[in-house]
Amino acid sequence: VLRLTANDGALSSNNDVTINVNPAQLPATPTVTTGTAQVSIGGTGPVQIMLSSAPGGVAGYTLELAVADGSLARIDSIQLGNGFTSMDPAQDSMSDTLALFSAIDANDLIGSGSPNIVLATVNIEALGEGSTFLNLTVVALDDDGGLPVGAAISNGSFTGLNIAPTVT
């Protein structure tokens, strides 16, 4: 309760005012999710890396994806999501088990409030039978204002299946 008092010498008045303060509703934290895939040994399958939401849009990002067990899977190629172009191909690198890549939204296609943004699709080859983790590191993720986006990470997995081809 806040008491307001006014006094000009001739008149005097008091009023009590109640002020309610409600906690601010914070937007949900965006999450960068690495998908999962199951592929027959020798085959290649896509794994998407997605951003759940972009409250302030996306100016660009740098991501690192690691295959935990290189005897089961290897990174074959990376395709950037719609609207993204490579920021600096000379800085990007890829080996069988580790990919570091960056991209920008040069045409400002990923605006404020955009949901379910495909940042990249990584094609992974199954080398052996079993499952391995796909560990993602968000090196940088900036919104359209150039501010860093604090995103949660959800790692994925990849499974190589020993399935004999069916002859008909």
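The values are calculated or read from the model by the stated rules, or taken from the named source; none is laboratory data. What you see is a predicted model, and the numbers here were worked out from it, not measured in a lab. Methodologically, a virtual Cβ is constructed for each residue, glycine included, from the backbone with ideal geometry; neighbour enumeration extends over all protein chains shown. Please note that ligands, DNA and RNA were not included when accessible areas were found on the heavy atoms of the full protein model with its side chains. Shrake-Rupley method; radii C 1.70, N 1.55, O 1.52, S 1.80 Å.
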Next on the checklist: For Cα pairs less than 8 Å apart in space and 6+ apart in sequence, what is the mean separation divided by the residue count of the chain, i.e. the relative contact order in percent?
Outcome noted: 31
Item to check | Spacing of the two label points (7 Å from each Cα toward its C-beta) at L147 and A28, in nm | outcome: 2.0
Item to check | Cα Rg, Dmax, the range 61-105, angstrom units | outcome: 11.2, 35
Next on the checklist: If I model a spin label as a point 7 Å beyond the Cα along the Cα-Cβ vector, how far apart are those points for N162 and A106 in nm?
Outcome noted: 4.7
Item to check | Per-residue ³J(HN,Hα) for the range 95-106, Karplus 6.51 cos²θ - 1.76 cosθ + 1.60, θ = phi - 60°, Hz, x for Gly and Pro | outcome: 10, 4, 10, 9, 10, 10, 8, 9, 8, 10, 9, 4
Next on the checklist: Check which residues have an amide H placed less than 5 Å from I124's amide H, if you skip close sequence neighbours.
Outcome noted: G45, V47, D76
Checklist outcome for this item: Ranking E129, E64 from most to least accessible area with a 1.4 Å probe gives E129, E64
Checklist entry - Under a 1.4 Å probe, what is the accessible area of the chain per residue, stated in Å²? => result 58
Item to check | the chain: most fluctuating residue of A28, A54, A90 per GNM, C-alpha cutoff 10 Å | outcome: A90
Next on the checklist: Based on alpha-carbon centroids, what's the gap between the range 94-158 and the range 71-90 in Å, whole number please?
Outcome noted: 9
Checklist outcome for this item: Evaluated at 20 °C and 1.002 mPa s, the Stokes-Einstein D of the chain based on the Kirkwood radius over Cα pairs, in µm²/s, stands at 115
Checklist entry - Using a Gaussian network model of the chain with C-alpha springs under 10 Å, which one of S114, S77, S13 is most mobile by mean-square fluctuation? => result S13
Checklist entry - Carbon and sulfur together cover what percent of the accessible area of the range 34-165 at a 1.4 Å probe radius? => result 51
Checklist entry - For the chain, what is the charge dipole size about the Cα centre, in debye to the nearest 20, if Lys and Arg each add +1 at the Cβ and Asp and Glu each add -1 at the Cβ? => result 380
Next on the checklist: If the elastic network links every pair of Cα atoms under 10 Å, which of Q38, Q91, Q48 fluctuates the most in the Gaussian network model of the chain?
Outcome noted: Q91
Item to check | DSSP-defined antiparallel bridges as percent of all bridges, the range 34-168, nearest 5 | outcome: 90
Checklist entry - Which Cα, out of S53, T137, N14, lies furthest along the positive dipole direction of the chain (beta carbon charges, K/R +1, D/E -1)? => result N14
Checklist outcome for this item: Between V149 and residues 5 or more places away or on another chain, the pairs with built amide H atoms under 5 Å apart involve L141, D142, D143
Checklist entry - log10 I(q)/I(0), Debye, Cα-only the range 119-168, no solvent, q = 0.25, 0.31, 0.32, 0.33 Å⁻¹? => result -1.04, -1.23, -1.26, -1.28
